[in-house]
Amino acid sequence: MIEVVDIHKRYYTDHGMGPWILRGINLTIPTGCSVGLVGGNGAGKSTLLRIIGGVDYPNKGVVRRHCKVSWPMGFGGGLQGSLTGRQNTKFVARIHGMEHDIPRIVKQVEAFSEIGPAFNEPVKTYSSGMRSRLQFGLSLAFDFDVYISDEVTATGDRAFQAKAKKAFKDMVGKSSVIMVSHSEGTLKDFCQSGIWLHDGTAQWFDQIDDAIKAYHDSTSDIDKS
């Protein structure tokens, strides 16, 4: 279970503090429930995902993780740019106490990420897509209860996208997913429930179809006004 308690978030800008992106978000995400985040551009989907994944922090509020949660799989940060993909993989394995299993992890990440010789080059030379592939492979190399995904199934060419989707399907029954995707088909494929983000607030729906409908209805109201 993951508890999101009174989360507020805004960022500093060149002109001081920007507007609130998230205002008093309260959610309880049950164990074993895969959830899709829906909403318009700028609604705060990726921001909330990063906060849940622990790579961003709220101005106010707290996230309580009663399970093992991955970092956001489409997030290119968290890697040391001067180290190679191979060295980053070994470093992350050591952080997670998997030093005894480094050869398997390295082999799995190298094969899955499909970045070829670049695996032995500094990460700072990678494109954003290559960094996402490496992050995706790293996430899959560890056993998390919940995987956080930000558009990761849209990374790379069609063959890699199919590979990423298969990896998600293989996780069904073993782990759950919290994801952002502009593809409603992807959300329906992998998520049972949904969170609709709008005007800095969040509304929980037991069915992903209902969350998507709420989003569509809100945009229809804007079009009519």
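Report P(r) for the range 34-144: all Cα-Cα distances, bin width 10 Å, range 0 to the bin holding the largest distance, values in whole percent.
Going from the shortest bin to the longest, the percentages are 14, 42, 31, 13, 1.
In square nanometres and to one decimal, what's the mean projected area of the convex hull around the Cα atoms of the range 1-83?
Average of the hull's projected areas for the range 1-83 equals 6.9 nm².
Beyond 31 Å, what percent of the Cα pairs of the chain remain?
23
Which order do V123, V35 fall in if you start with the one that has the fewest other Cβ atoms within 10 Å?
V123, V35
Provide the three semi-axes, in whole Å and in decreasing order, of the ellipsoid equivalent to the range 103-155 as defined by the square roots of 5 times the Cα gyration tensor eigenvalues.
Each semi-axis is √(5λ); the values are 18, 15, 8 Å.
Using DSSP, restrict attention to beta bridges with both residues in the chain and report what percent are antiparallel, rounded to the nearest 5.
55
Considering only the other residues whose Cβ falls under 13 Å of the Cβ of G54, what net charge follows from Lys and Arg at +1 and Asp and Glu at -1?
+3
Tell me, what HN-Hα J-couplings in whole Hz come from the Karplus equation 6.51 cos²θ - 1.76 cosθ + 1.60 at θ = phi - 60° for each residue of the range 207-220, using x for Gly and Pro?
Computed from phi, the couplings for the range 207-220 are 10, 4, 4, 5, 5, 5, 4, 4, 5, 4, 4, 5, 6, 5 Hz.
Here, each number is a calculation from the coordinates, and none is a lab measurement. What you see is a predicted model, and the numbers here were worked out from it, not measured in a lab. Every residue, glycine among them, receives a Cβ derived from its backbone with ideal geometry; neighbour counts consider all protein chains shown.
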